[in-house]
Amino acid sequence: MGYVDRSLTPGEFVVGRTKLHPLIMLPGIVLSFFVIGIPLLIYEALNWWTTEFAVTNQRLIVKRGWVSRRTVEMQLRNVEHIGVDQGALGRLVGYGTVTVRGTGGTPEPFKSVWNPMAFRAAVQGQLGVAPAVRLA
């Protein structure tokens, strides 16, 4: 059971989840043939393993880290803008940057999100902007 599941309030349920794209581990994999790449690969794998993105019927939840944790939790009614940036490689393999801005807040960019368009659609579906999409 992850952070998202433990932090749900009564009546709240998850409608979509995603993670970081596994491609974030590529530099560590490539450099693991050299000694310096092994710690990098471990760092990247821990980052991938301990990051959660979720949309519930009430909130947007992002959690990063294990020992040192950073969370962003925003009530859906406070989401003012959600955008996706994808380059050509990101479109080909399915990752991008999701930027969320709450009312009166600063933009929060989340890089290397796996399937960012479906994540955005899940948020918009809960806001009534677009039909709900189930994330894989």
| note | Gyration tensor on Cα atoms of segment 57-123, a ≥ b ≥ c root eigenvalues, a/c under 1.5 rounded, else prolate if a/b beats b/c, else oblate, says oblate
| task | Please get the size of the charge dipole for the chain, origin at its Cα centre, with Cβ charges of +1 on Lys and Arg and -1 on Asp and Glu, quoted in debye to the nearest 20. | result | 80
| For segment 51-56, in order, what is each residue's ³J(HN,Hα) by Karplus, 6.51 cos²θ - 1.76 cosθ + 1.60 with θ = phi - 60°, in whole Hz (x at glycine and Pro)? | 9, 10, 10, 8, 10, 10
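If Lys and Arg each add +1 and Asp and Glu each add -1, what is the summed charge of the other residues whose beta carbon sits under 9 Å from the beta carbon of Arg70? Display every interim value, and only then the final one.
Working: positive: Lys63, Arg64, Arg69; negative: none.
Net local charge, Arg70 excluded: +3.
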| task | Round to the nearest 0.05 the FRET efficiency obtained for Val93 and Ile42 when R0 = 22 Å and r is the Cβ-Cβ distance. | result | 0.45
| If you line up the long axis of helix 116-127 against the longest principal axis of the chain, both from Cα atoms, how many degrees apart are they, to the nearest 10? | 20
| message | I need the phi-derived Karplus couplings for segment 58-69: 6.51 cos²θ - 1.76 cosθ + 1.60, θ = phi - 60°, integer Hz, Gly and Pro marked x. | response | 10, 9, 10, 10, 10, 10, 10, x, 10, 6, 9, 10
| Can you work out ³J(HN,Hα) from phi for every residue in segment 32-41, in order, using Karplus 6.51 cos²θ - 1.76 cosθ + 1.60 and θ = phi - 60°, giving whole Hz and x for Gly and Pro? | 5, 6, 10, 4, 5, x, 5, x, 5, 5
| request: Equivalent ellipsoid semi-axes for the chain, as square roots of 5 times the alpha carbon gyration tensor eigenvalues: give them largest first, rounded to whole Å. | output: 28, 17, 13
| 5 angstrom amide H check on Thr56, placed H, neighbours 5+ away | Val15, Ile61
| query | Simple spin-label model, 7 Å along Cα-to-Cβ: Arg77 to Glu108 in nm? | reply | 1.8
| message | For Ile24, Ile82, Ile36, which order do you get if you count the other beta carbons within 10 Å of each Cβ and list the fewest first? | response | Ile36, Ile24, Ile82
| In percent, what relative contact order does the chain have, based on Cα pairs under 8 Å that are 6 or more apart in sequence? | 22
| Label-point separation in nm, Asn57 to Val129, each point 7 Å along Cα→Cβ | 2.2
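Any read-out appearing in this document is the output of simple, stated calculations on the displayed coordinates, not a laboratory observation. Computed from a predicted structure; not experimentally measured. Counting neighbours? That spans all protein chains shown, and the Cβs are built from the backbone with ideal geometry, glycine included.
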